[in-house]
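The values are calculated or read from the model by the stated rules, or taken from the named source; none is laboratory data. Note that the structure is a prediction, hence the values are computed from the model and not measured. FYI the Cβ positions are ideal-geometry reconstructions off the backbone, even for glycines, and counts take in every protein chain you see.
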Amino acid sequence: MTSATETAPAAQATVRPVAIPRRAALVRRERRRRARRAAWNVLGLAVFLVLVFPVFWMISTAFKPDDEIVSFTPTWFSLDPTLEHFRNAIDRPFFWDAVRNSLLVVAAVVAVSIVVAFLAAVALAKYRFTGRKLFIVLMIGILMLPAAGLVIPLYVVLARYGMTNTLTGLAAVHVTFLLPFAVWTLRGFIIGIPRELEEAAMVDGSSRVGAFVRILLPLVMPGLVATSVFVFITSWNEYIFANVILSDQSNHTLTVWLSYFYGTSRNTDWGALMAASTLTAIPVVIFFLLVQRKIAFGLTAGAVKG
Amino acid sequence: MTSSHVPDGAAIAAETGAIRPRRRRRRGARAARGSVPYLLILPVAAVIGAILGYPLYKLVTLAFQQYGLPELIQREGVWIGLENFESVLRDSVFWDTLLRTAVFTVANVSLTIVIGTLLALLLVKVSTWVRILLTAGLVLVWAMPAVVAVQVFFWMTNFQNGILNYALTQLRLGDFFQHDWYATTFSKLAMVTLLIVWGAIPFVTITVYAGLSQVPRELVEAAEIDGAGPLRIFRDVTFPVLKPILLILTSLSIIWDFGVFTQPYLLIGASHLDTSNYLMGVYVFIEGYAHSDFGRGAAISLLMVVIVAALSVPYVRRMVRMGDAA
């Protein structure tokens, strides 16, 4: 601001051809704009630091030796990093069981829900039929159901068919709750494909199925991948149903295993807990970073129309 | 159910307008094609009907039954009419929890939407490299599994050597040495709020930021030239464009926060979970599942589902209109 006021009197003192004060004003405005942007940038960086701090702290703690963790004056980074906590976390009972269970459930959920959801998404995107609206209401209605409210009837029904404490039971529940989401997102991807492409293929003598396989499928592949990964992540992160349905420790998924990690707050092994948390989060974070852009707007699609 | 209703080909044809008169003789083929969408949605309908339809039916019947562990083993409940509902609605814990959850939801949703929107506006102001950095940070936070986030927050707010107490003391905001954040109900719920808002901001910010790209630049510039201040521009130019997006985000947040379970159950559960700090999700879980009183739990669940259903009407209507238009 001060520098801008310094240039101003000089410009005013001259005979004032029109161009000069205007240029001075431009310079002034440009400077002010830059100063303002710098201030916003500083604020943006501060927000960034606060936002990612918990993630940073998790990773940083996971690598710290115990004496640095319990110290009353924390260190930001350990200069003497250790892998001991990761070893402890992995060596805890049922870690590998939990990894295997999570992977099994997630693989089954992704495979089943994507194939099944894709068919329905094609129906919604390409056909108009009686009952279509009811089907859409059903899909979105299920998306809105509070999971906590359905724990009890699902548990009672699964118990009746002897499916409690089985990974199949959990996978079935995950598929049910993820199907509406997958249908809705895939529908968005399919609508994005121009109808003419499909019609052109049909004119070339392909059947509808042929056109579908050769034209539609490759085009919708990115959507299929993105949706699969999102389904993967949601199933991997899910806690309440996994906790209720799987009672044996050897059947726990990673999130449930992690939730039973702390002892009492006084003697928690913080290092190992943070190492275990890091291990649980890694696959999800990687996948999420890969596809976030493609799918972020599934739930609000349409309201944000490009 | 929709899926089992096999329509006649002509009705579909009339609706789609796809079939021309001269092709009328291929009636059989057309009817077959008319059933295609039904065949396509059949698997989804079957899975949902089997795995969700029966439990939903069960939810309603259980609510009118005495159904505890003995009944679970015998697979047969005892009909008791409205007793479960009477017991729940007479229980002050239910009303206290409902009120607490309502206040909690309002606080969480407003914080999430306001901070999320402010961050989106900030994203527009900063340089590109800061924007990329900030977006990456948002996505990272978004991706954190809830259970992991709970553990990290529990560690950060630990009274003995949590970083929060240290940081607040260092910032001269008071003496927080060994301050116990889980001592009072308010403080416990405030920690849960912190955790939930932190986790929910990325979705709001990124969505609102996408919406901001639709605000016409010329309008903003015109308003600036006319001497409108930033607040005025936001109120009269930006906000009207963002309104539909904010409405959807708000209803989604209300629905999610009202039924939230994992964060309060685990974060408060780590210290002490009792009737004085229940939220609806936790309450229904403990009353029904943990106490193995499935009938009473079902009655609470049913009340909860009805409340959430009422809350989600605006969102569902909006989405259906969009889905139907496409």
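For the range A:68-77, the criterion of being within 11 Å of another protein chain (Cβ to nearest Cβ), among the acidic types (Asp, Glu) and either crowded, with 22+ Cβ neighbours inside 10 Å or farther than 30 Å from B:SER127 by Cα (or both) is satisfied by at least one residue.
The number of residues in the range B:310-326 being more than 7 Å from every other protein chain (Cβ to nearest Cβ) and of a type in the set (Gly, Ala, Ser) comes to 2.
Kindly establish whether A:PHE297 is at pLDDT below 90 and not in a helix (DSSP H, G or I). Yes.
If you go through the range B:101-144 and pick out every residue that is within 12 Å of A:VAL47 (Cβ to Cβ), within 11 Å of chain A (Cβ to nearest Cβ) and of a type in the set (A, V, I, L, M, F, W, C), you end up with 12.
Report, ordered by the first and then the second residue, all pairs with beta carbons closer than 7 Å, sequence separation of six or more or different chains, a first member in the range B:168-180 that is assigned by TED's automatic domain parsing to the domain that holds B:ASN158, and a second member that is of a type in the set (Asp, Glu) and part of a loop (DSSP other than H, G, I, E, B). Filtered contacts from the range B:168-180: B:THR169/B:ASP175. Assess whether B:VAL148 counts as being surrounded by 20 or more Cβ atoms within 10 Å (Cβ to Cβ), facing another protein chain (nearest Cβ under 9 Å), more than 23 Å from A:ILE69 (Cβ to Cβ) and aliphatic (A, V, I, L, M). No; evaluated as a whole, the condition is false for this residue. Just so you know, in the range A:154-175 the residues that are more than 19 Å from the chain's Cα centre (by Cα) and either of a type in the set (Val, Ile, Thr) or closer than 25 Å to A:GLY223 by Cβ (or both) include one that is farthest from the other protein chains (Cβ to nearest Cβ), and it is A:THR166.
Checking the stated criteria, A:ILE215 turns out not to satisfy the condition of being assigned by TED's automatic domain parsing to the domain that holds A:SER235, within 27 Å of B:VAL316 (Cβ to Cβ) and at pLDDT below 80. Of the residues screened, A:ILE191 is one that is over 18 Å from the mean Cα position of the chain (by Cα) and over 30 Å from A:ASN101 (Cβ atoms). For the range B:305-324, check the following and say yes or no: at least one residue is closer than 14 Å to A:ALA148 by Cα, over 21 Å from the mean Cα position of the chain (by Cα) and of a type in the set (A, V, I, L, M). No, the range B:305-324 has no match at all. Restricting attention to the range B:284-306, the residues that are facing chain A (nearest Cβ under 9 Å) and among the β-branched types (Val, Ile, Thr) total 3. Residues in the range B:62-85 that are touching a residue at least 40 places away in the same chain (Cβ under 8 Å), assigned to a helix (DSSP H, G or I) and within 11 Å of chain A (Cβ to nearest Cβ): B:LEU62, B:LEU69, B:GLU71, B:LEU72. Within the range A:141-154, being buried (at least 23 other Cβ atoms within 10 Å of the Cβ) and not small (Gly, Ala, Ser) holds for A:PRO146, A:LEU150, A:VAL151, A:ILE152, A:PRO153, A:LEU154.
For the residues A:LEU104, A:LEU143, A:LEU150, A:LEU119, the requirement of being part of a helix (DSSP H, G or I) and at pLDDT below 85 singles out A:LEU143.
For A:LEU119, are the conditions met, namely being assigned by TED's automatic domain parsing to the domain that holds A:ASN237, touching a Leu at 6+ places or on another chain (Cβ under 9 Å) and surrounded by fewer than 16 Cβ atoms within 10 Å (Cβ to Cβ)? Criteria not met by A:LEU119. Taking the range B:247-283 as the range and being more than 28 Å from B:VAL93 (Cβ to Cβ) and more than 9 Å from chain A (Cβ to nearest Cβ) as the test, only B:THR250 passes.
Applying the criterion of being free of Cβ contacts under 8 Å to residues at least 40 places away in the same chain and small (Gly, Ala, Ser) to the residues of the range A:91-117, the residue that is nearest to A:PHE241 (Cα to Cα) is A:ALA107.
Being more than 12 Å from chain A (Cβ to nearest Cβ) and touching a His at 6+ places or on another chain (Cβ under 9 Å) holds for only one residue in B:LEU173, B:LEU168, and it is B:LEU168.
Looking at the range A:16-93, the helices (runs of 4 or more DSSP H) lying wholly inside it that each contain 1 or more residues that are under 30 Å from B:GLY199 (Cβ atoms) and of a type in the set (Gly, Ala, Ser) sit at A:19-62, A:84-91.
Answer with yes or no whether A:ALA182 is under 27 Å from B:VAL36 (Cα atoms), of a type in the set (Gly, Ala, Ser), within 12 Å of chain B (Cβ to nearest Cβ) and in contact with a helix residue (DSSP H, G or I) (Cβ under 7 Å, 6 or more places away or on another chain). Yes, satisfied.
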